[in-house]
Amino acid sequence: MTAFALSGLLAGVSSIGFGLFVLVTTENKRLGRSWFLFTLSVAVYGFGCAWIGSSRDMVQSLWAWRTMYGLGVIWIPVLFFHFVCTFLEARRFRAILIQYVIGFCFFCTIGTPLFFDRVHWVFESFYFARGGSLFLVYFIWWMALVAYCHIELARARRNVSAEKRNQINYFLLATAIGFVGGSMSYLPSFGFNVYPEGNFTVCLYPLIMSIAIVRHQLMDVNLIIRKTVIYSTVTAALTAVYVLITIGIGRGLSGWVASPTAFSAAAAACVMALLFHPLRMKVQRFVDRHFFRETLDQAILREATSGFVHEIKRPLTNISLPAELSMMDLQDLTAGRRSSKEVVPKVLQRLQYILDQTSDAGDKIEAIRGFSESNVSYSDKVHLPEIIRKSLSAEQSLLDRHHIHLKLDIADDLPFIRGHEKQLEIVFSNLIKNAAEALGTMEGGADRSIWIIACKSAGGVELRIKDSGPGIRPENQSHLFEPYFTTKGAHGTGMGLFLCSQIVRAHGGTIDVQSVVGEGAMFRITFTRAI
């Protein structure tokens with residue numbers, strides 16, 4: 001067997017094995033199917049290499065090359081693109097369909113000299129296909145689509161949690177190694193007689209992805225693996241106990257009872273029933289302690305805690321001052337320094353304000369709690385103009401304090417979207433507050449304006465919040481949605497925009513920023529779940 005054939009066999013076995021494992025174990029069946037089809041195309045490539053590397057017949061080799069490309073290689077970038085879109089929850093049906101159509105067009109040329117015109121003997125070991133006149137066009141499309149997929153994964157790292165970022169890091173590493181090494185197999189097709197030793201790297205990506213699954217719960221299979229380990233271990237242990245007890249009692253009762261086997265089997269079954277629960281609990285604790293820790297990762301815990309504190313700190317802070325003023329007024333009333341007619345209306349007004357802020361804090365706690373649940377569904381119909389008005393009302397005192405001119409351009413015919421009203425209010429309030437605080441740092445004579453524009457977009461709604469502030473430096477723009485990144489120094493937590501990006505993504509939307517230093521910043525949000 002040649003090295004090329006061996007590398008193909010390893011790639012085929014590892015790819016199909018890992019693809020089946022994810023398909024069977026993942027709870028996200030749509031993602032599992034997409035990944036399995038991609039690994040299946042890689043496996044076809046691998047087994048095709050094994051066939052080609054073992055063949056010594058020219059006609060058979062050309063047939064093997066055409067079969068491998070037609071059923072596997074052509075579809076690798078297409079299925080990879082489909083998987084990346086599914087993994088990133090990007091709704092790109094039209095773009096995916098276009099890539100399938102392009103792949104089918106190339107598939108139709110496989111059997112013609114346009115794609116492969118001949119095979120030639122290389123490295124004194126096997127036949128390698130030479131590309132026809134269309135092969136260069138195909139190669140450019142193949143490489144461009146693969147590169148685009150990796151760029152999309154890299155971009156997504158900016159707007160996700162630390163755990164999701166680690167998943168993407170592993171994924172980028174695994175697929176990049178596989179694609180770079182596997183791409184060396186194209187060189188001989190263009191006349192460069194470089195042995196495709198990089199083909200051995202193709203089998204590395206399942207290994208790296210396996211590490212990602214175990215360490216970072218990629219594709220939601222961590223719980224499945226954990227249960228499999230626990231119950232497999234318990235089953236094996238109980239089977240061993242059953243066999244030992246049956247054999248031991250059977251030998252001990254031999255010659256004493258008529259059917260020692262039946263008696264010993266019944267006794268063993270009773271012992272197994274008594275041992276099952278305590279043995280399962282012991283194994284589960286051992287597995288959880290050493291392999292699958294049930295406690296939260298500290299980075300995730302810090303992010304969740306900081307986001308929670310960030311959102312409830314403001315309403316609780318707003319409660320403090322009116323409570324203190326009310327206490328002072330009541331002290332003046334009891335001391336006889338002021339009359340009840342003067343004090344009571346003010347105290348009642350402040351108490352109502354405190355109740356409103358307390359209710360707001362409770363609503364935000366519920367919103368964040370709902371956002372943290374893995375099975376949360378956004379089935380409510382929400383109207384963005386109403387949420388924008390509530391967010392503006394919550395930030396009105398800040399807008400008044402900095403003498404900000406507010407300019408609204410909200411379309412009358414905006415559709416409803418599927419979402420969570422309080423979570424979206426957190427997003428809009430944060431963006432309005434950030435804009436107002438940025439304008440507050442400017443000198444008194446400067447223009448202080450905020451524009452809020454909401455209009456229909458393709459299949460949904462687009463919202464833009466723009467200010468005339470100092471803008472955001474280019475080196476900071478790529479980090480704005482990362483946890484703990486702040487430009488406010490000790491006054492900022494770095495969690496506001498991170499939480500905004502997480503909420504927007506959970507609603508199936510996107511958020512980005514455009515800014516020019518000295519001219520202001522604009523945050524753009526798009527939602528596609530229109531009703």
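The values are calculated or read from the model by the stated rules, or taken from the named source; none is laboratory data. Since this is a predicted model, take the numbers as computed values, not measurements. Every residue, glycine among them, receives a Cβ derived from its backbone with ideal geometry; neighbour counts consider all protein chains shown.
List the pairs whose first member sits in region 459-477 and is in the same structural domain as ALA435 (by TED's automatic domain parsing) and surrounded by 16 or more Cβ atoms within 10 Å (Cβ to Cβ), whose second member is outside any helix (DSSP H, G or I) and among the charged types (D, E, K, R), and whose Cβ atoms are under 6 Å apart, counting only residues at least 6 apart or on separate chains? From region 459-477, the pairs are ARG464/ARG524; SER468/ASP447; GLY471/GLU519.
Condition check ((1) modelled with pLDDT of 90 or more; (2) touching a His at 6+ places or on another chain (Cβ under 9 Å); (3) outside any loop (DSSP other than H, G, I, E, B)) across all residues:
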residue	(1), (2), (3)
ILE452	yes, no, yes
GLU462	yes, no, yes
GLY471	yes, no, no
PHE481	no, no, no
PHE485	no, yes, no
LEU499	no, yes, yes
GLN502	no, no, yes
MET522	yes, no, yes
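Quick one: in region 1-21, of everything that is within 14 Å of THR175 (Cβ to Cβ) and of a type outside the set (Phe, Trp, Tyr), which residue is nearest to the chain's Cα centre (by Cα)? Of everything passing the filter in region 1-21, GLY19 is nearest to the chain's Cα centre (by Cα).
Looking only at region 325-340, count how many residues are exposed (fewer than 14 other Cβ atoms within 10 Å of the Cβ), in a helix (DSSP H, G or I) and either among the hydroxyl-bearing types (Ser, Thr, Tyr) or touching a Ser or Thr at 6+ places or on another chain (Cβ under 8 Å) (or both). Summing the residues that are exposed (fewer than 14 other Cβ atoms within 10 Å of the Cβ), in a helix (DSSP H, G or I) and either among the hydroxyl-bearing types (Ser, Thr, Tyr) or touching a Ser or Thr at 6+ places or on another chain (Cβ under 8 Å) (or both) in region 325-340 gives 2.
Taking region 120-134 as the range and being in a strand (DSSP E or B), in contact with a Leu (Cβ under 8 Å, 6 or more places away or on another chain) and within 15 Å of TYR186 (Cβ to Cβ) as the test, only ALA129 passes. Scanning region 359-400 for residues that are among the hydroxyl-bearing types (Ser, Thr, Tyr) and modelled with pLDDT of 70 or more, we see that the one that is farthest from the chain's Cα centre (by Cα) is SER397. Considered as a group, the residues in region 379-420 that are in contact (Cβ under 8 Å) with a residue 60 or more places away in the chain and in a loop (DSSP other than H, G, I, E, B) include one that is farthest from ILE531 (Cα to Cα), and that residue is HIS420. On inspection, VAL78 does not qualify as farther than 29 Å from PHE126 by Cβ, among the hydrophobic types (A, V, I, L, M, F, W, C) and crowded, with 23+ Cβ neighbours inside 10 Å. When the test is whether a residue is touching a residue at least 24 places away in the same chain (Cβ under 8 Å) and assigned by TED's automatic domain parsing to the domain that holds VAL73, VAL119 passes it. Checking each residue in region 46-66 for being of a type outside the set (A, V, I, L, M, F, W, C) and surrounded by fewer than 24 Cβ atoms within 10 Å (Cβ to Cβ) picks out GLY48, SER54, SER55, ARG56, ASP57, GLN60, SER61, ARG66.
Among residues of region 105-115 being out of contact with any Leu (no Cβ under 7 Å at 6 or more places or on another chain) and either under 19 Å from VAL59 (Cβ atoms) or not assigned by TED's automatic domain parsing to the domain that holds THR67 (or both), the one that is surrounded by the most Cβ atoms within 10 Å (Cβ to Cβ) is ILE110.
Matching residues to (1) under 19 Å from LEU204 (Cβ atoms); (2) touching a Ser or Thr at 6+ places or on another chain (Cβ under 6 Å):
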position	(1), (2)
THR2	no, yes
PHE38	yes, no
SER61	no, yes
TRP65	no, no
ILE74	no, no
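Scanning region 483-490 turns up no residue that is within 22 Å of LEU392 (Cα to Cα), buried (at least 17 other Cβ atoms within 10 Å of the Cβ) and in contact with a helix residue (DSSP H, G or I) (Cβ under 7 Å, 6 or more places away or on another chain).
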